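Worksheet for the structure shown next.
The values are calculated or read from the model by the stated rules, or taken from the named source; none is laboratory data. Bear in mind the structure is a predicted one, so any value in this text is a computation, not a measurement. With ideal geometry, Cβ positions are generated from the backbone for all residues, glycine too; neighbour counts draw on all protein chains shown.
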Amino acid sequence: MERKSPLFSIFIHACALLLAVVILAPLVWLFVMSISPAADLTAKPLSWWPQTVDFSRYAVLLSSVENSAGAAFVASLINSIVVAGVATLAALALAIPAAWAVSRTPSVGWSLYMVIATYMLPPVALAVPLYFGLSHLGLLNNVFGLALVYLTILAPFTTWLMKSGFDSIPREIEAAAMIDGAGLFATWRIITLPLAAPVMATSALFAFLLAWDEFFYALLFTSDLRAKTLTVAIADLAGGRVSDYGLIATAGVLAALPPVVIGLVMQRALISGLTSGGVKG
Amino acid sequence: MSGTSMTTRAWLLMLPLLAVMIAVIGWPLIDTIHLSFTDAKLVGTAGNFVGIDNYVKTITGSNFQRTLVTTAKFAIISVFAEMVLGVLAALLLNQEFRGRTMLRGLMILPWALPTVVNATLWRLIYNPEYGALNAALTQIGLLDAYRSWLGEPGTALASLIIADCWKNFPLVALIALAALQAVPRDIQAASLVDGAGPFARFRFVTLPYLAGPLMVALVLRTIEAFKVFDIIWVMTRGGPANSTRTLSILVYQEAFSFQRAGSGASLALIVTLLVAVLAAAYAALVRKTAGSNT
């Protein structure tokens, strides 16, 4: 519909190329660092591509030899999976009934808005009492204690997403099932939850990514391999006296892999989830 | 089912969520308020009631004022840059060119990269001895000698802002792009027929569709930037010479490094109040923007 001069087309392609380089360059460099021999990374002038490709750091980090860098990394990887998994399941279990209730009975909605408003709270406003509380319960440096704390972030968020999902399921379908004699939970099982499955999956992925990404509470409430998560392990590596930058980069690549794969595969669902809040206002 | 029993059932269904939220958010918040009026330490006995002493000391202290300015600088500059870059990238991605779908797919990568990994990556890029930025700038002749980007008070905050922008502008771009695609084709065509220039078309045809979603993105990004902790902790820990210390870092130091739970709590609540005021001001603005569109 619009006239396209060749000059304009060249300009657009140049901008697109620039954008692609800006996005990709840091990521490619992270990967290149992870496969470059240590000597190449400290050479001056810096050679941008390794003489010999070296994948050995991946084997080092994923090995389970006791007291090695790998054992510590694998332990934190498992902790991250457990914490994020438990917190995600718990958040969904709390969010689904609550979100459905608010979607079908708008008069109780104000309580949900109070829950969502807690998003504004900086974690530092809760950190000290949570520290005392976990310590009192013996849940400091414990994956389940950390998962419990993560509900402060995950539960409001998943409830909000699930509510907009339930809003788009016509209540007439549920009403029909109930007239046929199905109880509330049977109606959910047969009608509501299958229809809400895509929203549930998106909510679960978002929740998992949020927990995987979390750093502040993990830094405060974990202290050793029993509960330390990947983010804390990587911050330790980055701030410590590791002389091989390639090892830090490798840890980064491995920690980024799950969310990046989820991001690429689930792109459409994630983007519609990210933007629906924005477009609806 | 009658209205009252519907309401009763709704409350029952919400009970588990509300109970957990009260346990992990409501009660800790009230306890933080209580602590902020005491001189409690992180370890040891409960503190004594000291009235508003903590608040007075915090607000009049030079640490707080300097940190507030640093936080505001970080939040305003990085969010502004993210908005501008995000909208420009969205306008580009809304054009037709080869590889557009792929480029759109790439935009999700910085968003998906964990914040701590992003901070670590940029810390390596800025490395004073072997970093890629120093190497690249020297090799193309823009820099004579390697610099310590994160180690000098003059460049540390700017370096952090660049790292934060790189991670966050693609999200703004994706939100803006979704909004752009909602602009009806016939209105675009009509404005073209009516002879509107590119700027007039952006201002009167495109911008009204962008305004709402962008306002929401602006609110969320500003609140997050004001609360920023992770990227700064990993890259500089608030240094050098406290030049990148933001409010959340200051609260962490006060409450956990110096173990002054009481005064840390008062500081945390001041931060909370600032974020709440910001959010309320924005909410009013969003309502105004939304109203002007309909």
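In the range B:246-294, how many residues are modelled with pLDDT of 95 or more and in contact with a strand residue (DSSP E or B) (Cβ under 6 Å, 6 or more places away or on another chain)? Residues that pass the stated criteria total 0. Only one of the listed residues (A:Leu257, A:Leu230) is surrounded by fewer than 22 Cβ atoms within 10 Å (Cβ to Cβ) and assigned by TED's automatic domain parsing to the domain that holds A:Ser272. That residue is A:Leu257.
Tell me whether the range B:82-91 contains one or more residues that are in a helix (DSSP H, G or I), out of contact with any helix residue (DSSP H, G or I) (no Cβ under 9 Å at 6 or more places or on another chain), surrounded by fewer than 19 Cβ atoms within 10 Å (Cβ to Cβ) and more than 7 Å from every other protein chain (Cβ to nearest Cβ). No, there is no match, as no residue in the range B:82-91 is in a helix (DSSP H, G or I), out of contact with any helix residue (DSSP H, G or I) (no Cβ under 9 Å at 6 or more places or on another chain), surrounded by fewer than 19 Cβ atoms within 10 Å (Cβ to Cβ) and more than 7 Å from every other protein chain (Cβ to nearest Cβ).
Table: residues versus (1) in contact (Cβ under 8 Å) with a residue 24 or more places away in the chain; (2) of a type in the set (A, V, I, L, M).
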| residue | (1), (2) |
| --- | --- |
| A:Ala197 | no, yes |
| A:Ala204 | yes, yes |
| A:Ala207 | yes, yes |
| A:Tyr217 | yes, no |
| A:Leu230 | yes, yes |
| A:Asp236 | no, no |
| A:Tyr245 | yes, no |
| A:Thr250 | yes, no |
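Please enumerate the residues belonging to the range B:42-51 that are out of contact with any Phe, Trp or Tyr (no Cβ under 8 Å at 6 or more places or on another chain) and either modelled with pLDDT of 90 or more or loosely packed, with under 15 Cβ neighbours inside 10 Å (or both). B:Val43, B:Gly44, B:Thr45, B:Ala46, B:Asn48 - these are the residues of the range B:42-51 that are out of contact with any Phe, Trp or Tyr (no Cβ under 8 Å at 6 or more places or on another chain) and either modelled with pLDDT of 90 or more or loosely packed, with under 15 Cβ neighbours inside 10 Å (or both). With respect to the stated conditions, B:Leu214 fails to be surrounded by fewer than 19 Cβ atoms within 10 Å (Cβ to Cβ), under 15 Å from the mean Cα position of the chain (by Cα) and either among the polar types (S, T, N, Q) or in a helix (DSSP H, G or I) (or both). Among the residues of the range B:189-201, the ones that are surrounded by 12 or more Cβ atoms within 10 Å (Cβ to Cβ) and within 13 Å of another protein chain (Cβ to nearest Cβ) come to 6 in all. Taken over the range A:101-133, the criterion of being closer than 19 Å to B:Leu267 by Cβ, free of Cβ contacts under 8 Å to residues at least 12 places away in the same chain and more than 7 Å from chain B (Cβ to nearest Cβ) is satisfied by A:Phe132 alone.
If you go through the range B:261-282 and keep only what is surrounded by fewer than 21 Cβ atoms within 10 Å (Cβ to Cβ), within 10 Å of chain A (Cβ to nearest Cβ) and either small (Gly, Ala, Ser) or not in a helix (DSSP H, G or I) (or both), you end up with B:Ala276, B:Ala279, B:Ala280. With the condition kept exactly as written, say whether any residue in the range A:144-156 is surrounded by fewer than 21 Cβ atoms within 10 Å (Cβ to Cβ), of a type in the set (Gly, Ala, Ser) and either under 30 Å from B:Thr38 (Cβ atoms) or assigned by TED's automatic domain parsing to the domain that holds A:Thr229 (or both). Within the range A:144-156, not a single residue is surrounded by fewer than 21 Cβ atoms within 10 Å (Cβ to Cβ), of a type in the set (Gly, Ala, Ser) and either under 30 Å from B:Thr38 (Cβ atoms) or assigned by TED's automatic domain parsing to the domain that holds A:Thr229 (or both).
The set of residues in the range B:138-159 that are in a helix (DSSP H, G or I), in contact with a Leu (Cβ under 8 Å, 6 or more places away or on another chain) and buried (at least 16 other Cβ atoms within 10 Å of the Cβ) comprises B:Ala156, B:Ser159. Just one of the numbered conditions (1) closer than 29 Å to A:Val115 by Cβ; (2) not in a helix (DSSP H, G or I) is not true of B:Val43: (1).
So that you can scan it fast, the table gives a plain yes or no per residue for (1) modelled with pLDDT under 95; (2) crowded, with 17+ Cβ neighbours inside 10 Å; (3) not aliphatic (A, V, I, L, M):
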position	(1), (2), (3)
A:Pro6	yes, no, yes
A:Ser9	yes, no, yes
A:Ala25	no, no, no
A:Phe31	no, no, yes
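Being assigned to a helix (DSSP H, G or I) and away from chain B (no Cβ under 11 Å) holds for only one residue in A:Ala59, A:Ala16, and it is A:Ala59.
Of all the residues in the range B:116-146, those that are closer than 19 Å to B:Val228 by Cβ and either among the basic types (Lys, Arg) or in contact with a Lys or Arg (Cβ under 7 Å, 6 or more places away or on another chain) (or both) number 2. The requirement of being part of a loop (DSSP other than H, G, I, E, B), at negative phi and in contact with a Gly (Cβ under 7 Å, 6 or more places away or on another chain) is fulfilled somewhere in the range A:182-199, by at least one residue. Only a single criterion out of (1) in a helix (DSSP H, G or I); (2) at the interface with another protein chain (Cβ under 10 Å from one of its Cβ atoms); (3) more than 14 Å from B:Leu91 (Cα to Cα) is not satisfied by B:Val228, namely (1).
The residues of the range A:159-181 that are in a helix (DSSP H, G or I) and among the β-branched types (Val, Ile, Thr), listed by number, are A:Thr159, A:Ile173, A:Ile179. Considering only residues that are more than 10 Å from chain B (Cβ to nearest Cβ) and within 22 Å of B:Gln253 (Cα to Cα), look in the range A:135-157 and name the one that is nearest to the chain's Cα centre (by Cα). Of everything passing the filter in the range A:135-157, A:Leu146 is nearest to the chain's Cα centre (by Cα).
When residues in the range B:170-188 are screened for being in a helix (DSSP H, G or I) and either touching an Asp or Glu at 6+ places or on another chain (Cβ under 7 Å) or more than 8 Å from every other protein chain (Cβ to nearest Cβ) (or both), 7 of them pass.
Does B:Thr58 satisfy being under 16 Å from the mean Cα position of the chain (by Cα) and either within 11 Å of another protein chain (Cβ to nearest Cβ) or in a helix (DSSP H, G or I) (or both)? No, not satisfied.
Counting only residues that are more than 8 Å from every other protein chain (Cβ to nearest Cβ) and touching a Leu at 6+ places or on another chain (Cβ under 9 Å), the range B:248-260 holds 5 of them. Looking across the range A:43-92, the residues that are among the β-branched types (Val, Ile, Thr) and in contact (Cβ under 8 Å) with a residue 60 or more places away in the chain come down to A:Val60, A:Val82, A:Val83, A:Val86, A:Thr88.
Listed here are the residues, each with its yes/no results for (1) at pLDDT 85 or above; (2) of a type in the set (D, E, K, R).
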residue	(1), (2)
B:Ser159	yes, no
B:Asp164	yes, yes
B:Ala178	yes, no
B:Val183	no, no
B:Gln188	no, no
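In the range A:83-111, the residue that is nearest to the chain's Cα centre (by Cα) out of those that are of a type in the set (Gly, Ala, Ser) and surrounded by 24 or more Cβ atoms within 10 Å (Cβ to Cβ) is A:Ala84.
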